[in-house]
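K.L.:
Pasting in a structure now, in structure tokens, and then I'll have a few things to ask.
The values are calculated or read from the model by the stated rules, or taken from the named source; none is laboratory data. Everything numeric in this text was worked out from a predicted model, so none of it was measured. Neighbour counts run over all protein chains shown; Cβ positions are idealised from the backbone, glycine included.
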């Protein structure tokens, strides 16, 4: 407080220059006349506030407005408080940067593990996509329950008709989880995160495979093509949604259609029920069962969905696939957060402190 008092007093001389200068008048006393003429008075200027007979905020002829003085006091105190809190702000910023780096490094390792697992078993890709979608589609908009919470891992939910054939995908993720947890410094990865990032890796693998095919099967050229024309940078928002919580029990039955047997109207109704329309239904066709071509053959019969299906089919024939890839990434990102409160400090851990006194120099 002593420092703040000194700082405020140091601003006082500058306040005098803010006072309105009176117009020279012979009837004024010499001090006032010298002020008006621009000469320094023989004594320091005094701060005078309005008298009780004047309106609030209006000063006497040679004084300050009260609000001007109060503003200056407030500004000075505010600046002092900001200056004194600088070290705390720097410490908080440093802590945030450390956590961001920890999460980024951990996520990068997770992606490497998943990419390796999928590359060794490419036939599992359709099941991983459907697994992620079915975990998402238990979301109920009315009750804000369900969603991508990893509940599909429970055997009673995995054994439901709509999840038939997905146990191999869960087994692959169980093995990947063991490896990921072995090198995690911030606790085990949640199944809800694992399932969604496995879907991301599966999607990326399909785009990379398409680029390799366009290069005549040359993997090196395909990777170069995808790096140059792909939309990998669009995953930024998806990557930030890292910190989902796992459900402790299976989600209610009857919320997810059996995609390969569902009618077109059932599909539209389900997507509408979670806040999405024909465009999102069309772009997620690869997630709707094991056969994307069969799914799109059904979707194209609907006048609302057909234009989008055709748009994405044309986009997949281009070198960049931009329209299809960007919309797919955007839709999956939105779906993968339904009903979830993301913990942005998940998987972080305290940095070990170094005791300088114990260092041998």
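Residue by residue, here is whether (1) under 28 Å from the mean Cα position of the chain (by Cα); (2) without any contact (Cβ under 8 Å) to a residue 40 or more places away in the chain; (3) closer than 24 Å to residue 231 by Cβ holds:
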| residue | (1), (2), (3) |
| --- | --- |
| 283 | yes, no, yes |
| 301 | no, yes, no |
| 311 | no, yes, yes |
| 333 | yes, no, yes |
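Residue by residue, here is whether (1) surrounded by 15 or more Cβ atoms within 10 Å (Cβ to Cβ); (2) farther than 30 Å from residue 159 by Cα holds:
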residue: 181; (1), (2): no, no
residue: 189; (1), (2): yes, no
residue: 196; (1), (2): yes, no
residue: 203; (1), (2): yes, no
residue: 208; (1), (2): yes, yes
residue: 214; (1), (2): yes, yes
residue: 222; (1), (2): yes, yes
residue: 247; (1), (2): yes, no
residue: 250; (1), (2): yes, no
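K.L.:
Further question on the same structure: Let me spell it out: the conditions are (1) touching a helix residue (DSSP H, G or I) at 6+ places or on another chain (Cβ under 8 Å); (2) without any contact (Cβ under 8 Å) to a residue 40 or more places away in the chain; (3) closer than 24 Å to residue 139 by Cβ, and residue 263 meets all of them except one. Which number is the exception?
P.N.:
For residue 263, the exception is condition (1).
K.L.:
Identify all residues within region 122-143 that are in contact with a helix residue (DSSP H, G or I) (Cβ under 7 Å, 6 or more places away or on another chain), in a loop (DSSP other than H, G, I, E, B) and modelled with pLDDT of 95 or more; write none if there are none.
P.N.:
137, 138
K.L.:
Looking at 148, 188 in this structure, which one is assigned to a loop (DSSP other than H, G, I, E, B), assigned by TED's automatic domain parsing to the domain that holds residue 244, in contact with a helix residue (DSSP H, G or I) (Cβ under 6 Å, 6 or more places away or on another chain) and free of Cβ contacts under 8 Å to residues at least 24 places away in the same chain?
P.N.:
After applying the criteria, what remains is 188.
K.L.:
Anything in region 309-341 that is assigned to a loop (DSSP other than H, G, I, E, B) and exposed (fewer than 14 other Cβ atoms within 10 Å of the Cβ)? List them, or say none.
P.N.:
Within region 309-341, 317, 318, 319, 341 qualify.
K.L.:
Here's something else I'd like to know. Taking the condition within 25 Å of the chain's Cα centre (by Cα), exposed (fewer than 15 other Cβ atoms within 10 Å of the Cβ) and either at pLDDT 95 or above or farther than 23 Å from residue 131 by Cβ (or both), does residue 243 pass?
P.N.:
no
K.L.:
Sticking with this structure for a sec: Is it true that some residue in region 166-175 is surrounded by fewer than 20 Cβ atoms within 10 Å (Cβ to Cβ) and touching a residue at least 60 places away in the same chain (Cβ under 8 Å)?
P.N.:
The answer is no; no qualifying residue exists.
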